[in-house]
Amino acid sequence: TYAGTATRFAQRAVVSEAVIRGWDVATADISKAFLQGVSYKELAEITGEPEREVNFALPPGSIPILQKVDGFKDFNPFLEVCHCDKPGTGLVDAPRAFALKLTQVTDKLGIKPTSVDDQLCVLHKEGRLVGIFAKHVDDIKMAGEKGFVDWLCAELEKTFGKLKLEWNDFSNCGIHHIKLPNGTVEHDQSDFIKALKIPSHPDAEDHAPPERILGPESHTLYQSSVGAVAFCALTRVDAAVIIVALQRFGHAPQVQHFKRLRVLIRWLQATAHRKIVYRPFAGRSVGHLRLISDAAFRKEDEDAHALKGAVFVRVDEDPTSVLPHAEKATRKHVCHIIEYYSRKQRHVTRSTFGAELYAACDAADMGMLLAQLLHEIVFGVDTFSRAKQRREEGTWAIPMSLSVDAMSVFAAVTASQIKIPAEKALWSHVQYLRELLDIRVLLWLVWIDTRDMHADGLTKGSVERTALQAIMNGEYMTEHEYKAWQPRLARRPVDVGTKIDSVDTNDVDDLADAMSKMKVSDGDVPKSRL
C-alpha cells in the first residue's frame, strides 16, 4: 500500500531552485487519479507479487442501473459480485497503483528521480537542468525552462486526460504559493491559520487546577486541536518548538496544556501574516548550504532527552570568502530555508557540551542528505555508489558549513590535538566532526554568538525569535563576533582494512624478535623522548 510523496525539503528545494534560476512555478492536478493507476495484473508484473483478487457487492438500489450496461443485463446479485480489474477510489492500494503509473510515464520521458527522494524528479540536457517537479500523489509542483511545464503537462494529458494547471499563485499541499513581480516566491498558511478554532471545554475553565488531567472529551478535543496546529509548522518555523512541546503531552494533557494551546492559537492568528520568503540570489549563484545547530540541555526527568533544533539554509554567499575571524561584523545575505526541525535528542545527555555535540552531529548527518539532493538537482542524478563516494570525499557542488554557539564544542573539534572529553563516550563524536572537516565534507566550522543563533528559537520557547524570523523572511544576518575554522590541508580517511590485509605476518614476527632484543635504559634516551 506504500505510495511515496515528496518530502518537505524536496518541496522547498523546487521553489528554491526556481527562484535562483528565475523560473515560474506551477502546480497541476490530475483528476480522478485513483481510477487511472495500473491494473492488478500490471501491478503483479511490476512488483513480482501475487496478483490480488478484489471483488465487491453493490448496494441493492444500484443493481437496476448496472443491468442497463451491456454485458450485465443478466447480473444476479445473489450469485455474482463485481470484480476489480484495477484499484479504485476507496481501496488502500489505489495511491500506490497510481504512483507506479505516473512513474512509468515520466520514466519514458527521460525524467529521473533523485536518489535521496524518488518523488522529486529532474530533467537534464547536456548537463544543464531543464526542469524539476515534486509529486504528492496526484498534485505536481513544477518549474523549468520556457516550455518545459507545457511540454510535461501535454505528455501527461496523453495518459491521464486534461490537467488543472495553475501558475505562480496557487495552493499545493495546503501551502499557498505566490510569485511576486520581482521574482520572490512566498509560502504562507494565513487562511488556514485564521480558520483555526480556539478550543473550549468546561474541564479547562479558569478556576480549574493547572495540574488536573483532562477528561475524555476535553482530551480528544486537545488532541484534534494540536493536530490541526501542528500542520502550521510547515511554514511557521517560529512556532515549531511550542507545537512540539504541546505534542509531547498528548497522551495525558493537563489543564495548563489546554490553556497554553489556546494561547498559541491566538498568537498564530495575530501573526498570521508571517511567511517563508524565497528571494532571488545575486548572479544566480548556487550558493552554499549552512547548517545552524542548537540544543537545550534542560531535559525531561523521565528519559533525560534534551531538545535539539536546526535550520538548514541555502545562502547566497561564496563559502571561500568566509573570514576566519571577525569582530562585530554585520553580515547580511539572501537565504532560502530548505529544512528545519525541533525535536528530542536521540541520546541521553549529561551535560550542555554533550547536548550541543550530539545536536551538531545530527545536523551534519541531515546536511549531507540535503547536499546530495541539491547536487543532483544542479548536476544530475547520481548512482548510489557515486553518492557514497561523494560522502567520503566531500565532492558535492553545494559546499557546507556548520554553525554552533557552543564554544566548548568549537574548541574541542578544532584543537590541534583532540583530547578525550570528561564524558568519554563523546570522544568518537568529536572525532567524527573533525573528520568531516578534514576530508572537506564540511568546509567550515563556525562559532557564532548566542545572540545571533538563529536556531535558538527552535529549542527554547521563552527567547526572542528575531533571528529566526529574519531567516523566514529570506535574510541571513549576524551582528556580533564569530569565529570560523577549517583545517589547512585536506586529508583522506585512512583505509585501515587495506593496510591490515597487506601486512606480512612474517614481518610482524621479525619485528617482535628485534624489539625483544632491544635494551633501553633511562640514560640511553632523553626522558622527553621516552
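Using a 1.4 Å probe, what is the accessible area per residue for the chain, in Å²?
About 50 Å² of surface per residue is accessible.
What do you get for the angle between helix 148-160 and the principal long axis of the chain? Use alpha-carbon atoms, 0 to 90 degrees, nearest ten.
That works out to roughly 50 degrees.
Any chance you could give the angle, 0 to 90 degrees and rounded to 10, that helix 94-108 forms with the longest Cα principal axis of the chain?
70
What is the list of residues in the stretch 375-390 whose amide nitrogen lies under 17 Å from a point 7 angstrom out from the Cα of Glu145, following Cα to Cβ?
377-381
Tell me, in nm to one decimal, what length is gained between Asp29 and Leu58 on full extension, where the rule is 0.36 nm per residue of separation less the Cα-Cα distance? All intermediate terms of the calculation are to be shown ahead of the outcome.
Working: separation 29, 0.36 × 29 = 10.44 nm, distance 2.95 nm.
Once the chain is fully extended between Asp29 and Leu58, it gains 7.5 nm.
Helix 427-438 sits at what angle to the longest principal axis of the chain, using alpha carbons and giving 0 to 90 degrees rounded to 10?
For helix 427-438, the angle is close to 80 degrees.
Give me the dipole magnitude in Debye, nearest 20, for the chain about the Cα centre, with unit charges on the beta carbon: positive for Lys and Arg, negative for Asp and Glu.
1100
Given +1 on the Cβ of Lys and Arg, -1 on the Cβ of Asp and Glu, and no further charges, what dipole in debye does the stretch 123-228 carry about its Cα centre, rounded to the nearest 20? Walk me through the intermediate numbers first.
Values: 12 positive and 17 negative charges, 114 e Å.
Using Cβ point charges on Lys, Arg, Asp and Glu, the stretch 123-228 gives about 540 debye.
Report, in debye and to the nearest 20, how large the dipole of the stretch 40-170 comes out about its Cα centre when Lys and Arg carry +1 and Asp and Glu carry -1 on their Cβ.
With only Lys, Arg, Asp and Glu charged at Cβ, the dipole is about 300 debye.
Order of 349-356, 453-460, 166-173 by packing, highest average Cβ count within 10 Å first?
453-460, 349-356, 166-173
At what distance in angstrom do the alpha carbon centres of the stretch 455-481 and the stretch 220-240 lie from each other?
First find each Cα centre; the distance between them is then 21 Å.
Positive end of the dipole of the chain, charges at C-beta (+1 Lys, Arg; -1 Asp, Glu), about the Cα centre: which of Ser385, Ile398, Gln256 has its Cα farthest in that direction?
Working it through, the farthest residue towards the positive pole turns out to be Gln256.
Mind ordering 63-72, 210-219, 337-346 by average Cβ neighbours within 10 Å, highest first? Don't jump to the answer; show the numbers that get you there.
Numbers: 63-72: 10.2, 210-219: 13.8, 337-346: 19.9.
Going from most to least packed, we get 337-346, 210-219, 63-72.
Could you rank the peptides 242-250, 406-414, 46-54 by their average count of other C-beta atoms within 10 Å per residue, with the highest value first?
406-414, 242-250, 46-54
When only C-alpha pairs under 8 Å and at least 6 residues apart count, what is the relative contact order of the stretch 77-133, in percent?
Values: 35 pairs, mean separation 8.9, N = 57.
The normalised contact order for the stretch 77-133 reaches 16 percent.
State the answer as a single residue: which of Leu58, Cys84, Leu35 lies farthest towards the positive end of the charge dipole of the stretch 35-84, with beta carbon charges of +1 for Lys and Arg and -1 for Asp and Glu, about the Cα centre.
Projecting each Cα onto the dipole axis, the largest value belongs to Leu58.
Mind checking the alpha-carbon convex hull of the stretch 383-468 and giving the volume per residue in Å³?
So the per-residue Cα hull volume is 143 Å³.
Per DSSP H run of n ≥ 4, the term is -39500 (n - 2.57); total these for the chain, divide by its residue number, and report the mean residue ellipticity at 222 nm rounded to 500 deg cm²/dmol.
It lands at -10500 deg cm²/dmol.
At 0.36 nm per residue, minus the direct Cα-Cα distance, what do Gln431 and Lys332 gain on full extension? Give it in nm, one decimal, please.
Using 0.36 nm per residue and subtracting the Cα-Cα distance, I get 32.5 nm.
Take the cross-link list Lys112/Lys164; Lys179/Lys483; Lys259/Lys424; Lys179/Lys259 and give me the ones stretching past 31 Å between alpha-carbons.
From the list (Lys112/Lys164; Lys179/Lys483; Lys259/Lys424; Lys179/Lys259), the Cα-Cα distance tops 31 Å for Lys179/Lys483; Lys259/Lys424; Lys179/Lys259.
At 0.36 nm per residue, minus the direct Cα-Cα distance, what do Glu479 and Val92 gain on full extension? Give it in nm, one decimal, please.
Residue separation times 0.36 nm, minus the Cα-Cα distance, leaves 134.0 nm.
In percent, how large is the relative contact order of the chain, given Cα pairs closer than 8 Å and 6 or more residues apart?
15
Please name which of Ile178, Thr7, Val226 has its Cα lying farthest along the dipole of the chain towards the positive end, using unit charges on Cβ (Lys, Arg +1; Asp, Glu -1) and the Cα centre as origin.
After comparing all options, I get Ile178.
How far apart, in nanometres, would the label points at Gln469 and Ser224 be if each is projected 7 angstrom from Cα along the Cα-to-Cβ direction?
3.2
Filter Lys86/Lys146; Lys41/Lys158; Lys135/Lys308 down to the pairs with a C-alpha to C-alpha distance above 25 Å, please. Intermediate values should be presented prior to the final figure.
Working: Lys86/Lys146 37 Å; Lys41/Lys158 22 Å; Lys135/Lys308 30 Å.
In this structure, Lys86/Lys146; Lys135/Lys308 exceed 25 Å between Cα atoms.
Using only the alpha carbons, work out the radius of gyration and Dmax of the stretch 92-179 in angstrom.
13.1, 41
Which whole-number percent of Cα pairs in the chain have a distance greater than 29 Å?
That tail contains 63 percent of the Cα-Cα pairs.
The values are calculated or read from the model by the stated rules, or taken from the named source; none is laboratory data. These figures come from a predicted structure and were not determined experimentally. Virtual Cβ from ideal backbone geometry, glycine too; neighbours counted across all protein chains shown. To get the accessible areas, we keep the full protein, side chains included, count just its heavy atoms, and leave off ligands, DNA and RNA. Shrake-Rupley method; radii C 1.70, N 1.55, O 1.52, S 1.80 Å.
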